[in-house]
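Note sheet for the following structure.
The values are calculated or read from the model by the stated rules, or taken from the named source; none is laboratory data. Since we're looking at a predicted model, the values are computed, not measured. Positions of Cβ are generated from backbone atoms using ideal geometry, with glycine treated the same way; all protein chains shown enter the neighbour counts.
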Amino acid sequence: MEITICPVYIHEICRPALRDVCGSFPQVFIALGILLCYIMGRSLEWNWLALAACLFLFPFVFGLYFIPESPPWLIYNDEEDLAYKSMLMIRGEEYDASVEICRWVLFFFYVVL
């Protein structure tokens, strides 16, 4: 499930100029994780390897609590004020999120609905 959701979230929150680069990060890190498991598997038994994999997993699961919701998803669910706050949390206070929010609203109004 994470393999399909993570690239979609990254695509939704990235700036358009960085979407290509950032969109490939999940697949690259999955491949590096598989390689790391193969390397650690040469010297660890299966139960210790499973424990080591869980140790890598726990910080990311804990970090999911602090990730803001996707602004396009919030706009699709008619919560533009939360989408604006989420966009400011992602891009910073100095970013003018109204232009991008307006673009998403027009997209959902004319294309999706």
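Against the definition (surrounded by fewer than 10 Cβ atoms within 10 Å (Cβ to Cβ), on the phi > 0 side of the Ramachandran plot and either modelled with pLDDT under 85 or not aromatic (F, W, Y) (or both)), how does G63 come out, yes or no?
No.
For the condition of a type in the set (V, I, T), surrounded by 10 or more Cβ atoms within 10 Å (Cβ to Cβ) and out of contact with any helix residue (DSSP H, G or I) (no Cβ under 6 Å at 6 or more places or on another chain), what is the one hit in I30, I75? Can you show your working first?
Numbers: I75 fails: out of contact with any helix residue (DSSP H, G or I) (no Cβ under 6 Å at 6 or more places or on another chain).
Result: I30 is the single residue among I30, I75 that is of a type in the set (V, I, T), surrounded by 10 or more Cβ atoms within 10 Å (Cβ to Cβ) and out of contact with any helix residue (DSSP H, G or I) (no Cβ under 6 Å at 6 or more places or on another chain).
Tally the residues that are assigned to a helix (DSSP H, G or I) and at pLDDT below 85, restricting the search to region 72-97.
Summing the residues that are assigned to a helix (DSSP H, G or I) and at pLDDT below 85 in region 72-97 gives 1.
Just name the residue that is farthest from the chain's Cα centre (by Cα) out of those in region 39-85 that are under 17 Å from C6 (Cα atoms) and of a type in the set (G, A, S).
Here the answer is G63.
Starting from residues that are of a type in the set (A, V, I, L, M) and under 18 Å from A53 (Cβ atoms), keep the ones in region 1-27 and report whichever is nearest to the chain's Cα centre (by Cα).
If we take residues in region 1-27 being of a type in the set (A, V, I, L, M) and under 18 Å from A53 (Cβ atoms), then I3 is nearest to the chain's Cα centre (by Cα).
If the requirement is being touching a residue at least 24 places away in the same chain (Cβ under 8 Å) and either within 18 Å of Y9 (Cβ to Cβ) or outside the structural domain of G92 (by TED's automatic domain parsing) (or both), which of these qualifies: I34, I30?
Answer to the check: I30.
Determine whether region 48-71 contains at least one residue that is assigned to a helix (DSSP H, G or I) and in contact (Cβ under 8 Å) with a residue 24 or more places away in the chain.
Among the residues of region 48-71, at least one is assigned to a helix (DSSP H, G or I) and in contact (Cβ under 8 Å) with a residue 24 or more places away in the chain, which makes the answer yes.
Report yes if L44 is surrounded by 14 or more Cβ atoms within 10 Å (Cβ to Cβ), outside any helix (DSSP H, G or I) and without any contact (Cβ under 8 Å) to a residue 60 or more places away in the chain, otherwise no. Spell out the reasoning first.
On the way: surrounded by 14 or more Cβ atoms within 10 Å (Cβ to Cβ): yes; outside any helix (DSSP H, G or I): yes; without any contact (Cβ under 8 Å) to a residue 60 or more places away in the chain: yes.
Taking the combined requirement at face value, the residue satisfies it.
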